[in-house]
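The structure appears right after this line, and notes come after that.
Every number here is computed from the coordinates shown, using simple stated rules; none is lab data. Since the model is a prediction, treat every value here as computed from it, not as a measurement. Positions of Cβ are backbone-derived with ideal geometry, glycine not excepted, and every protein chain shown enters the neighbour counts.
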Amino acid sequence: MKMAEILLVEDNPGDVLLTRKAFERARIANILHTVGDGEEAMDFLRKRGAHTEAPTPDLVLLDLNLPKMDGGEVLREMKEDPDLRRIPVVVLTSSSAESDVLRSYELHANSYITKPPSLTELSDALKALHIYWFAIVRMPPE
């Protein structure tokens, strides 16, 4: 599998650290970029401001509860933008509320994962996610 460029949009430093550890534990080769709010996510994706050299991610892991611009707004903007809409977005959030799941899919999220409670379960979920998106799925050409 190739080295994936993954953008993690997460405002909680503890969850960022946990996600990094989960990727390491799962032995997944990737480059994990992180941003802490929705506005910065859009700057990264549109290569604005401090992110002019940012790569286009192969996958976005998106929390819903974000400052400045929530995850739903990020998802809406991404899926309405012809340059960004083909980037897979996996909502990775602590919410298991049916309304959040429904809203995410209505905004065209590619998947919805409620954050597992343990590092082992998160590692397992991220490993399965990585295999799915980077070994099984065939993406359209750029």
>> Between region 37-51 and region 122-142, how far is it from one alpha carbon centroid to the other, in angstrom?
In response: 24
>> Below 27 Å, Cα to Cα, which lysines can residue 79 reach? Residues fewer than 8 away in the same chain don't count.
In response: 2, 47, 68, 115, 127
>> Could you work out [θ]222 nm for the chain from helices alone, using -39500 (n - 2.57) per DSSP H run of at least four and dividing by all its residues? Round to the nearest 500 deg cm²/dmol.
In response: -11000 deg cm²/dmol
> Out of 136, 30, 9, whose Cα points farthest toward the positive end of the dipole of the chain (charges: +1 Lys, Arg; -1 Asp, Glu; placed on Cβ)?
Replying inline: 136
> Roughly how many debye, to the nearest 20, is the charge dipole of the chain about its Cα centre, given +1 on each Lys and Arg Cβ, -1 on each Asp and Glu Cβ, and no other charges?
Replying inline: 580
> Which whole DSSP H helices in the chain pass both tests: a Cα extent of 27 Å or more along the axis and a mean Kyte-Doolittle value no lower than -0.5?
Replying inline: none
